[in-house]
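The next block holds one structure in the form of structure tokens; read it before the comments.
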Amino acid sequence: MKPRFLCIVILIFLIISFFSESFISASIIKKDKSFLDSVDIPTWYEGDEWTYTADPVYFSGETGSFSGVIQNFKNKVLGVIEILHDDKEYDVYEIEITGDISGEFSYEALSGDIVGEISGISYIRVSDLAEVKTEISSTGVATILFIDRDYQMGHSSYFFPPLEVYDFPLNVGEQWQISTLSESSGWFILEDLMDENYSESNLLYETVQCIGKETIIVPAGSFESYNINYVTNSLWYSPDVGNMVKSVIDETTENSTYSAVISLESFSRNNQPLNLTEVIDPQEAFIYSLVIISGQAIESETGSPINKGNIFIEIPAIDDGWNTITDELGNYMISIDVPLIFDDTPSINEFGSVGVIVKCNFGSLYGYIVKTLVIIADYPPETPVITGSMEGNIGTSYTYTFTSNDSDGGALSYIVDWGDDSPYELVGPAQAGEPATASHTWTEKGSYIISAKAEDSFGAESSFGNLKVTMPRNKVVNFCLQKFIHINHRLFQIIRNIFLEDLNQLFLVFCDSIFIKLPCFCPRY
């Protein structure tokens, strides 16, 4: 049996700190974005750091267990570098990992205490904070039966594609899917007792949900945070911190149990030499539609705008970019056609959410910023149902309702053609599934077709629904009825007598009526 329990203990905290992996099957995948309460991706810079404590950390399996703490677990940004991974080049944050681990362990017939240090490097993709690969090691002393023995371990994880757990921008109520192949390998040496290697592959497949916002209190302070929920664990992401502030894992499988509580102890964020802003308008856009990317470049030390700074706008997911320069106020702006992109966190009504990186160079000064462009698949509303009077009088106002459903939800407007010479009328908006009402008056006799189509807030239109109305149908019916009664007054008198005479008398009167009323068709005897 491989002594993987210690490696797993260390990796629990690393994984949760960035991504909270779980090995489960996904269920329903959908995304319901309102943008009423959302937060976009943070931009990390060289020197940014976050320090955590994991207390307690617990693991038990078939061959061993561990119970302890990880302290001073620091993740520090060393800078942005370019790496080649799976034949693709990525701009990544190079994250230095350090920490201290202590606790009690058991492995088969052995048990004792352990004290050690953790170190490593993790590579996090700049455009979406996806983990590309992580290499971690630990050295220290294991005390077994009062004898100190040195231990060493190493572990590497590679993700294909990079593991994108956050699906920015985060929105309360949204769900998304993560799917990646994890390839891991490692080794463990315990002085005079063990010298083992291992490797394995696992498919990570899970549905994740941002279930709400709440205030989280940790040693570093009190932070408004987004609660991101997995089947067996949760983490809380804070925009003010630009990272996770707390994570709780509690997972039990057939052969093992993992649990840990991780809290932010402290953090610090550095300013770049150039302070950049970035606005994507609209942030949600259809394929091949036009979006405008704009912002401003300011020198951080003096607050002065950067004039004629070199701007490079990049979408790494399509390996494409655009160049422009800032004006005298430090402003830049460029328009682009939205590309078709499928990302690694699929959800309904969305093709992809991709990072747009803006970089600025001005002499020795440099800065960058990341925002997210959401590429949406907008499904049209259903054909509207029109209800109201189908006949009426000219010169009278009649009210009609228009109702349609939309899988995207949201508000719908209706474009209505009343079938006469009046202009098209815009009716609504009203929530999908709720009726919108409008009134109309026809001024000339005739039959008309009311036609209406529904349009959602993104411009997707339904097919036309129709309703035929006749004006003035009621007047024509009344005139004909009066004429019929006038001509056949004798017949109506006879019908009235039905209720006054017996059947024999009725028959005689009716025959008499026929002879009187229809002399041309009834020969006399």
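Would you tally the residues in the stretch 83-96 being more than 19 Å from I41 (Cβ to Cβ) and part of a strand (DSSP E or B)?
Initially, the stretch 83-96 is screened for residues more than 19 Å from I41 (Cβ to Cβ), giving 83-89, 96.
So of that shortlist, the ones also part of a strand (DSSP E or B) come out as 83-85, 88-89, 96.
Adding up the residues that qualify gives 6.
Just give me the residues in the stretch 39-83 being of a type in the set (S, T, N, Q) and farther than 22 Å from V261 by Cβ, in sequence order. Quick ask: steps written out before the conclusion?
To start, the set of residues in the stretch 39-83 that are of a type in the set (S, T, N, Q) comprises 43, 51, 53, 60, 63, 65, 67, 71-72, 75.
Scanning the stretch 39-83 gives T43, T63.
Could you check the stretch 411-446 and list, in sequence order, the residues that are more than 24 Å from M471 (Cα to Cα) and out of contact with any Ser or Thr (no Cβ under 9 Å at 6 or more places or on another chain)?
If the condition is that a residue be more than 24 Å from M471 (Cα to Cα) and out of contact with any Ser or Thr (no Cβ under 9 Å at 6 or more places or on another chain), then Q431 is the only one that fits.
Surrounded by fewer than 20 Cβ atoms within 10 Å (Cβ to Cβ) and without any contact (Cβ under 8 Å) to a residue 60 or more places away in the chain: does that describe A460?
It is false that A460 is surrounded by fewer than 20 Cβ atoms within 10 Å (Cβ to Cβ) and without any contact (Cβ under 8 Å) to a residue 60 or more places away in the chain.
Among the candidates T326, T403, which residue alone is over 21 Å from the mean Cα position of the chain (by Cα) and more than 22 Å from G459 (Cβ to Cβ)?
The unique qualifying residue is T326.
So which of P161, P239 ends up being assigned by TED's automatic domain parsing to the domain that holds I114, over 28 Å from G103 (Cβ atoms) and surrounded by fewer than 19 Cβ atoms within 10 Å (Cβ to Cβ)?
P161
Looking for whichever is within 26 Å of E314 (Cα to Cα) and either assigned by TED's automatic domain parsing to the domain that holds F159 or touching a residue at least 12 places away in the same chain (Cβ under 8 Å) (or both) here; the options are Y93, Y107. Which one fits?
Just one listed residue meets the conditions, Y93.
Being touching a Gly at 6+ places or on another chain (Cβ under 7 Å), of a type outside the set (V, I, T) and farther than 14 Å from W50 by Cβ narrows it down to one residue among N255, N233, N202; which is it?
N255
Please find, among Y198, Y151, the residue that is in the same structural domain as I97 (by TED's automatic domain parsing), touching a Leu at 6+ places or on another chain (Cβ under 7 Å) and farther than 21 Å from I376 by Cβ.
On the way: Y198 fails: touching a Leu at 6+ places or on another chain (Cβ under 7 Å).
One residue alone meets the criteria, Y151.
Does any residue of the stretch 272-291 turn out to be in contact with a Gly (Cβ under 8 Å, 6 or more places away or on another chain) and closer than 27 Å to N72 by Cα?
Within the stretch 272-291, one or more residues are in contact with a Gly (Cβ under 8 Å, 6 or more places away or on another chain) and closer than 27 Å to N72 by Cα.
Give, as residue ranges, the strands (runs of 3 or more DSSP E) completely inside the stretch 342-399 that count at least 2 residues that are buried (at least 19 other Cβ atoms within 10 Å of the Cβ) and modelled with pLDDT of 95 or more.
350-362, 365-376
Looking only at residues that are in contact with an Asp or Glu (Cβ under 7 Å, 6 or more places away or on another chain) and assigned to a loop (DSSP other than H, G, I, E, B) in the stretch 264-287, which one is farthest from V241 (Cα to Cα)? Walk me through it before giving the result.
Taking the stretch 264-287 as the starting set, the residues that turn out to be in contact with an Asp or Glu (Cβ under 7 Å, 6 or more places away or on another chain) are 267-270, 274, 286.
Next cut, assigned to a loop (DSSP other than H, G, I, E, B) only: 269-270.
Working: R269: 8, N270: 12 Å.
That would be N270.
How many residues, within the stretch 234-247, are among the hydrophobic types (A, V, I, L, M, F, W, C) and not in a strand (DSSP E or B)?
Result for the stretch 234-247: 1.
With respect to I228, is the statement that it is in contact with a Leu (Cβ under 9 Å, 6 or more places away or on another chain), outside the structural domain of R149 (by TED's automatic domain parsing) and touching a residue at least 60 places away in the same chain (Cβ under 8 Å) true?
On the way: in contact with a Leu (Cβ under 9 Å, 6 or more places away or on another chain): yes; outside the structural domain of R149 (by TED's automatic domain parsing): yes; touching a residue at least 60 places away in the same chain (Cβ under 8 Å): yes.
In short, yes.
Please state which of the following conditions I311 fails to meet, knowing it meets all the rest: (1) within 23 Å of Y366 (Cβ to Cβ); (2) within 29 Å of the chain's Cα centre (by Cα).
All conditions are met except number (2).
With the checklist (1) closer than 29 Å to S353 by Cβ; (2) out of contact with any Gly (no Cβ under 9 Å at 6 or more places or on another chain); (3) not polar (S, T, N, Q) in hand, flag the one item I97 doesn't pass.
So I97 meets the others, but not (2).
For V231, only one of the following conditions fails: (1) over 24 Å from G154 (Cα atoms); (2) assigned to a strand (DSSP E or B); (3) modelled with pLDDT under 95; (4) within 25 Å of the chain's Cα centre (by Cα). What is its number?
The single condition V231 does not satisfy is (2).
Considering only the stretch 185-228, state which residues are among the hydroxyl-bearing types (S, T, Y) and at pLDDT 90 or above.
Let us first name the residues in the stretch 185-228 that are among the hydroxyl-bearing types (S, T, Y), namely 185, 198-199, 201, 205, 207, 215, 222, 225-226.
Across the stretch 185-228, the qualifying residues are S185, S199, S201, T215, S222, S225, Y226.
Can you spot a residue in the stretch 421-429 that is free of Cβ contacts under 8 Å to residues at least 40 places away in the same chain, crowded, with 17+ Cβ neighbours inside 10 Å, more than 39 Å from the chain's Cα centre (by Cα) and in the same structural domain as S463 (by TED's automatic domain parsing)?
no
The values are calculated or read from the model by the stated rules, or taken from the named source; none is laboratory data. Since the model is a prediction, treat every value here as computed from it, not as a measurement. Backbone-built Cβ (ideal geometry, glycine too); neighbour counts: all protein chains shown.
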